[in-house]
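Report on one structure; see the data block that follows.
The values are calculated or read from the model by the stated rules, or taken from the named source; none is laboratory data. Computed from a predicted structure; not experimentally measured. So basically every Cβ, Gly included, is an ideal-geometry build from the backbone, and we count neighbours across all protein chains shown.
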Amino acid sequence: MTKTRGEKDAGFGPVLERIKDSTGARTQVELAAVLGIRQSSISDAKRRNSVPSDWYLKLFRKYGLNPDWLAMGRGPQYIKTKEGYHPYDEPALSSFHEDASAYGDPLAAGKTVTYYAMTGENTKEGKWKPVSAGEVSIPVAYDRESLLVVQMDGSAMEPLIRPEAFVGLDRDQTAVRSGELYAVQMPYEGLTLKRIFLDTEKGRYLLRSENPAHAEQSFSVEEFTDKIVGRVIWVIQEF
């Protein structure tokens with residue numbers, strides 16, 4: 001049986017290509033970051049040959065992408081404009097119309113998120129508790145469900161990360177990869193950013209600052225349990 005144009009444009013493969021073209025995501029890692037999901041979720045969707053409905057909702061909210069265009073390749077690519085929403089009179093999953101005014105490059109759009117002080121508060125157990133310090137606009141491509149944004153204090157990571165820089169942490173990435181930057185909660189002190197190395201010979205973790213004026217710290221593997229809050233994935237700062 002010959003497939004219609006709509007049937008050819010549907011399915012996981014064509015939809016995935018339209019998502020990539022619209023967001024600039026070229027790899028599965030980049031696509032997972034755009035959608036704020038795990039890479040394994042993309043593999044699962046590909047295996048089922050079915051795009052989860054919440055992907056359409058996220059792409060509409062973040063980029064103004066038309067769910068019907070993503071799903072079937074019909075209608076306008078964008079349905080959100082600077083002027084708001086307008087009726088669209090063709091059969092579609094959505095009922096909006098793209099104004100002549102372009103929505104703009106999706107990856108250039110911004111999103112306002114809450115950022116937290118690294119000092120925070122301490123629980124009875126001495127663990128770090130986040131305290132909101134304000135809001136900051138970040139590129140939508142920097143956002144994900146597991147994101148935590150903190151504002152750097154202190155000079156431990158200078159010159160790499162300066163005081164008052166905004167630092168994005170991925171709370172899902174707490175397994176240590178030697179040499180990477182992580183946010184670590186220190187008992188009754190709050191958060192600190194360190195480059196962590198695993199010393200397998202002595203069964204410990206070494207925590208190093210970029211600033212040589214700050215001494216190296218070490219913790220046994222047992223002591224270090226649950227101290228990592230997340231891995232540093234981006235930094236926004238002025239030089």
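Odds and ends about this structure:
- For region 215-239, residues that are part of a loop (DSSP other than H, G, I, E, B) and touching a Gly at 6+ places or on another chain (Cβ under 8 Å) total 1.
- In the set SER220, SER155, only one residue is of a type in the set (S, T, N, Q), without any contact (Cβ under 8 Å) to a residue 24 or more places away in the chain and farther than 26 Å from LEU31 by Cα; that residue is SER220.
- Any hit, region 22-41, residues being out of contact with any helix residue (DSSP H, G or I) (no Cβ under 8 Å at 6 or more places or on another chain), farther than 15 Å from ALA141 by Cα and in a helix (DSSP H, G or I): yes
- Tally, over region 190-214, of residues that are in contact (Cβ under 8 Å) with a residue 24 or more places away in the chain and not in a strand (DSSP E or B): 5
- Residues that are at pLDDT 90 or above and within 29 Å of PRO139 (Cα to Cα), drawn from region 193-227: LEU193, LYS194, ARG195, ILE196, SER209, GLU210, ASN211
- Here is the figure for region 57-66: residues that are in contact (Cβ under 8 Å) with a residue 12 or more places away in the chain and under 17 Å from the mean Cα position of the chain (by Cα) total 5.
- Any hit, region 180-196, residues being assigned by TED's automatic domain parsing to the domain that holds VAL149 and more than 26 Å from GLU164 (Cα to Cα): no
- Flag if PHE12 is modelled with pLDDT under 85, under 20 Å from the mean Cα position of the chain (by Cα) and either under 20 Å from TYR142 (Cα atoms) or of a type in the set (Phe, Trp, Tyr) (or both): no
- All positions within region 111-151 that are under 30 Å from SER22 (Cβ atoms) and among the aromatic types (Phe, Trp, Tyr): TYR115, TYR142
Conditions tested, residue by residue: (1) of a type in the set (Phe, Trp, Tyr); (2) within 30 Å of GLY203 (Cα to Cα); (3) modelled with pLDDT of 90 or more; (4) in contact with a helix residue (DSSP H, G or I) (Cβ under 7 Å, 6 or more places away or on another chain).
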site: LEU93; (1), (2), (3), (4): no, no, no, yes
site: ALA100; (1), (2), (3), (4): no, no, no, no
site: GLY126; (1), (2), (3), (4): no, yes, no, no
site: GLU158; (1), (2), (3), (4): no, yes, yes, no
site: ARG162; (1), (2), (3), (4): no, no, yes, no
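- Inspection of region 166-187 finds a residue satisfying the criterion of being in a strand (DSSP E or B), modelled with pLDDT under 90 and surrounded by fewer than 18 Cβ atoms within 10 Å (Cβ to Cβ).
- Any chance THR112 is more than 30 Å from GLY11 (Cα to Cα), at pLDDT 75 or above and in a loop (DSSP other than H, G, I, E, B): no
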